[in-house]
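These notes are about the structure you will find just below.
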Amino acid sequence: MKALIADDEFNVRDVIRHLGNWEQYGITQLIEACNGDEARSMIEKEKPEIILTDIKMPRMSGIELIEWLDSISYPGKLIFITGYNDYSFMRKAIQFNSFDYLLKPIEPDAFNQTLQKAVEAWISDEEKRLYEENGLFEDAKKLQMNQLVTSVCAGDVSEIALLQSSLPAAEEYDMTLLSFYHMHDPSPYIQSLAEELSKQQWGNAFALQNDAALCVVLTIRGRWLAVEEWISQHFDLPVRLVSEPLDSFIEMPGLFQSLQKSMDEQHFRTIHRLDDLEAARRIKDIIAYVDTYYMEELSLEKLSSRFFFSREHISRKFKQETGMPLSKYVKKLRIDQAKSWLQNTDESIYSISLMLGYQDEKYFSKLFKKVVGMTPFEYRNSQALPQNETKTSTLS
């Protein structure tokens, strides 16, 4: 298996080359490119399974590169590694099916976890391709329909006739958006639901390719209550749903946006209720998530959307489990990490504040002093290592 590292900075390529547990994940050959044009040539010649690229490069940017890869349906997995935490870049990355998006400075554990997942995803995709070549055309057809519905929901209504052919004939339909709890793999549930809908001639279910937690269900008008009863009896995980009448397939993109908005604004219904054990596990998942992503922007609303609990419930249970509110807990994690970096690295205080999610160095310094009792500069001096020891950069 091959991996391509594309970045116009030699130091960054060198860091990535030394960070990766390449052989452990089956990658035996590393290729490097110093600009987008060279990366494209390398991809055409070497066909690497894993591509790691910066967003801003001379001649051809990372975004232009992934647009080209998407246009040729390249099967490799692309990971953006960039110093630009820009939402517009992330949207482009998602739109053209990048595998993941990592920010500099690169954390070794996060990097290797992403690398491992990318390799596993490529192997899984390759197995699916082989299965299809060996005659499992039904799976290929289902995947094609899922991709088609994903495109229709995104605004491309050019192949609506093909979508209609996958449904029982009817004058009117209902469109329902199901949202699955992200800690579970919803694929078997969606497949089971699709098979039941087809068997009963009620409709069909489609997994959205750009969000594994979402499923679009199209059913004959008036059949949804029976479908919901079947879900409640056969799904052992919580499912959120919003539903509206679909009068015309041309209306699907707009109706999908409406359903998404209702879901985001928490105007949904939940079919399955959690038992106490599952609820307790979910809170543990939330704490583990905060422990991992505390340097990002976290809020009760974001956790509520991700973990299928109300903001009030998360706030109450989080404090019971950790002994402190979410904001205070995140602040403690960030300050502890800052102390570690101040003591063990030569990173500037400004750089540390940015890495911790604080755009204002003065605010970070005031917050640090309020919690620790001294400024970051004073803390670093108080923790100075003996002269025969040296500090290391986070990039070494």
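Data for the structure
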read-out: Residue check, Leu259 at pLDDT 90 or above and either under 21 Å from the mean Cα position of the chain (by Cα) or under 30 Å from Glu159 (Cα atoms) (or both); value: yes
read-out: Residue among Ser258, Ser243, Ser262, Ser304 that is of a type in the set (Ser, Thr, Tyr), surrounded by 13 or more Cβ atoms within 10 Å (Cβ to Cβ) and not in a helix (DSSP H, G or I); value: Ser243
read-out: Flag if Phe180 is within 15 Å of Thr270 (Cβ to Cβ) and either in the same structural domain as Glu159 (by TED's automatic domain parsing) or surrounded by fewer than 20 Cβ atoms within 10 Å (Cβ to Cβ) (or both); value: yes
read-out: Test: residue in segment 346-353 that is modelled with pLDDT under 90, over 29 Å from the mean Cα position of the chain (by Cα) and not assigned by TED's automatic domain parsing to the domain that holds Leu103; value: yes
read-out: The one condition in (1) within 19 Å of Glu297 (Cα to Cα); (2) modelled with pLDDT under 85 that Asp360 fails to fulfil; value: (2)
read-out: Where Phe368 falls short, out of the listed (1) of a type in the set (Phe, Trp, Tyr); (2) farther than 25 Å from Pro105 by Cα; (3) at pLDDT 90 or above; value: (2)
read-out: Strands (runs of 3 or more DSSP E) wholly inside segment 1-74 containing at least 3 residues that are outside the structural domain of Asn112 (by TED's automatic domain parsing) and surrounded by fewer than 20 Cβ atoms within 10 Å (Cβ to Cβ); value: none
read-out: Looking only at segment 220-256, and only at residues there that are at pLDDT 85 or above and acidic (Asp, Glu), the one that is nearest to Tyr189 (Cα to Cα); value: Glu244
read-out: Single unsatisfied condition, Leu225 versus (1) under 21 Å from Leu178 (Cβ atoms); (2) surrounded by fewer than 13 Cβ atoms within 10 Å (Cβ to Cβ); (3) not assigned by TED's automatic domain parsing to the domain that holds Pro186; value: (3)
read-out: Residues being of a type outside the set (Ser, Thr, Tyr) and surrounded by fewer than 18 Cβ atoms within 10 Å (Cβ to Cβ) - total across segment 193-212; value: 9
read-out: Segment 323-358, residues that are crowded, with 17+ Cβ neighbours inside 10 Å and without any contact (Cβ under 8 Å) to a residue 40 or more places away in the chain; value: Leu326, Tyr329, Ile335, Ala338, Ile349, Ile352, Ser353, Leu354, Tyr358
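For (1) under 22 Å from the mean Cα position of the chain (by Cα); (2) modelled with pLDDT under 80; (3) in a helix (DSSP H, G or I), each residue gets a yes or a no:
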{"residue": "Leu274", "(1), (2), (3)": "no, yes, no"}
{"residue": "Arg282", "(1), (2), (3)": "yes, yes, yes"}
{"residue": "Glu312", "(1), (2), (3)": "no, no, yes"}
{"residue": "Lys319", "(1), (2), (3)": "no, no, yes"}
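The values are calculated or read from the model by the stated rules, or taken from the named source; none is laboratory data. What you see is a predicted model; the values in this text were computed from it and never measured. With ideal geometry, Cβ positions are generated from the backbone for all residues, glycine too; neighbour counts draw on all protein chains shown.
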